[in-house]
Amino acid sequence: MSQTDPSKHVASMAAGRRRRTSPNDPPPPPRADRDGFDLISQDPIHYDIDLTQQFQFTDIRYRKSTHPDTLVAEIAFDRPHVLHAFRPTTIQQVQAALQDAIDDPNIAVIILTSTSHAGTDPHNKDTDNDASSDQQATASFCAGGDQTVRDNAGGYMDDSETQPKLRVLDLQVQMRTCPKPIMAVVRGYAIGGGHILHMMCDLTLCSDNAIFGQTGPRMGSFDAGYGCIQGARLVGQKKIREIWFLSKFYTAQEALSMGLVNAVFADDTLNGKVGQWVRRMCMNSPTALAACKAACNAADDGAHGILQMGHQLTRLYYISKESQEGRDAFLEKRKPDFRSKL
Ligand code: S0N
């Protein structure tokens, strides 16, 4: 798949900055591409590195794009036989991939999705285009905790655990504190714990076949943490209570109208739109995005939220001459002269 011509980006960024020749000139007429966003390529992202085998991942696919326009790590649930429901092993692998993506300076944006592809329609299981694929399963982003490994002793248990755990809660925190934008790309079902994971993402783009909902009260479970708190922040107190108390499902358009997702696209255009959104974020300042994310979370996350803001502040302070003077003075066994470095 071809990547964008970088000169197009320059043109797109310049589109909104055209100078008037005289102060009396009228402002340029409004255009759909006034800020250049519509000029950005909608080519789907080309992933040139597949790290799934290297990390010995069994439950997820982990890929990266190293093209400078699309510095993306994609983490995709890959358990289609259970509609990408997660077991502890799945969550551990998502956490390992996420940490790798956070630590990789060449990754700007992280995508959380599933291996469900265009053409798998949860409303009609017979519409899958690829007859040879196990994607004959209903399209799904994630159907929540795998109920076959739900243990009676207070959590989920598989061979990877020494005792039952609710490991997905650790993943939620890791996503929340991740300094890079995480975008959910949802096809089909985002249900239960899977729905909460999309809510934990900074952005959600979905196919018009997406279906959203919490099932906990029907399945004998609930998430009294971010599942309720972040949900209320997104859709409001009345609506999140409806979502939990009624445990019914919502269409993509309903999700859009209640502020649960950023945008809905026709299934066969979704990958291109994802490429467009990612390319714009890759043009923008990583520190600005990290600080905005920390600021959006700060008020709700108490001391932990302030910690995230403080992390960015301290990182920038470490880069300053003033901060380095403290270290240098210590190493040179002299009194620091901070004022000379202001
Ligand atoms: C999504 C639904 C509505 C799709 O229905 P459809 O299209 O009819 O497909 P099915 O035939 O039902 O499904 C296809 C195959 O997939 C299996 N499957 C689906 N979901 C799961 C699942 N969650 N666990 C295990 N298997 C699943 C089906 O069994 C079927 O397999 P076969 O073909 O072999 O029969 C429908 O599938 C549905 O309603 N699924 C269940 C959705 C659900 O309730 N999810 C779990 C909700 N709970 C959580 O996610 C809790 C998460 C959690 O860890 C947590 C977090 C914080 C605090 C607490 C908790 C906690 O667990 O308590």
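The values are calculated or read from the model by the stated rules, or taken from the named source; none is laboratory data. Just so we're clear, the structure is a prediction, and the values are computed from it rather than from any experiment. Methodologically, a virtual Cβ is constructed for each residue, glycine included, from the backbone with ideal geometry; neighbour enumeration extends over all protein chains shown.
The condition of being within 12 Å of the ligand (Cβ to nearest atom) and either of a type outside the set (A, V, I, L, M, F, W, C) or more than 21 Å from Q230 (Cα to Cα) (or both) holds for R167.
For the stretch 238-267, the candidate set comprises residues that are small (G, A, S) and more than 12 Å from the ligand (Cβ to nearest atom); within that set, the residue that is nearest to G119 (Cα to Cα) is A266. Listed by position, the helices (runs of 4 or more DSSP H) enclosed by the stretch 249-308 that each have at least 3 residues that are closer than 20 Å to R176 by Cβ and free of Cβ contacts under 8 Å to residues at least 60 places away in the same chain are 286-298.
Checked against (1) within 10 Å of the ligand (Cβ to nearest atom); (2) surrounded by fewer than 24 Cβ atoms within 10 Å (Cβ to Cβ); (3) farther than 17 Å from A294 by Cβ, V235 passes all but a single condition, namely (1). Taken together, the criteria place A329 among residues that are surrounded by 14 or more Cβ atoms within 10 Å (Cβ to Cβ) and either over 30 Å from C228 (Cα atoms) or in contact with a His (Cβ under 8 Å, 6 or more places away or on another chain) (or both). For the stretch 260-307, residues that are more than 16 Å from the chain's Cα centre (by Cα) and closer than 17 Å to H198 by Cα total 1.
Go through the stretch 153-163 and give me each residue that's out of contact with any Lys or Arg (no Cβ under 8 Å at 6 or more places or on another chain) and either within 13 Å of S221 (Cβ to Cβ) or basic (K, R) (or both). Matches in the stretch 153-163: G154 only. Filtered by the rule that a residue be modelled with pLDDT under 80 and part of a helix (DSSP H, G or I), the stretch 113-155 gives K125, D126, T127, D134, Q135, Q136.
The number of residues in the stretch 180-194 being part of a strand (DSSP E or B) and over 15 Å from the mean Cα position of the chain (by Cα) comes to 2.
For the stretch 214-232, the tally of residues that are more than 8 Å from the ligand (Cβ to nearest atom) and either buried (at least 24 other Cβ atoms within 10 Å of the Cβ) or in contact (Cβ under 8 Å) with a residue 24 or more places away in the chain (or both) stands at 5.
Please find, among L270, L289, L316, the residue that is in contact with a Ser or Thr (Cβ under 8 Å, 6 or more places away or on another chain), of a type in the set (A, V, I, L, M) and surrounded by 15 or more Cβ atoms within 10 Å (Cβ to Cβ).
Working: L289 fails: in contact with a Ser or Thr (Cβ under 8 Å, 6 or more places away or on another chain); L316 fails: surrounded by 15 or more Cβ atoms within 10 Å (Cβ to Cβ).
After ruling out the rest, the residue left standing is L270.
When restricted to residues that are hydrophobic (A, V, I, L, M, F, W, C) and surrounded by fewer than 19 Cβ atoms within 10 Å (Cβ to Cβ), the stretch 83-106 contains 2.
Taking residues in the stretch 23-39 that are closer than 20 Å to N284 by Cα, and partners anywhere that are among the polar types (S, T, N, Q) and at pLDDT below 70, the pairs with Cβ atoms closer than 7 Å and at least 6 places apart or on different chains are G36/S12; L39/S12.
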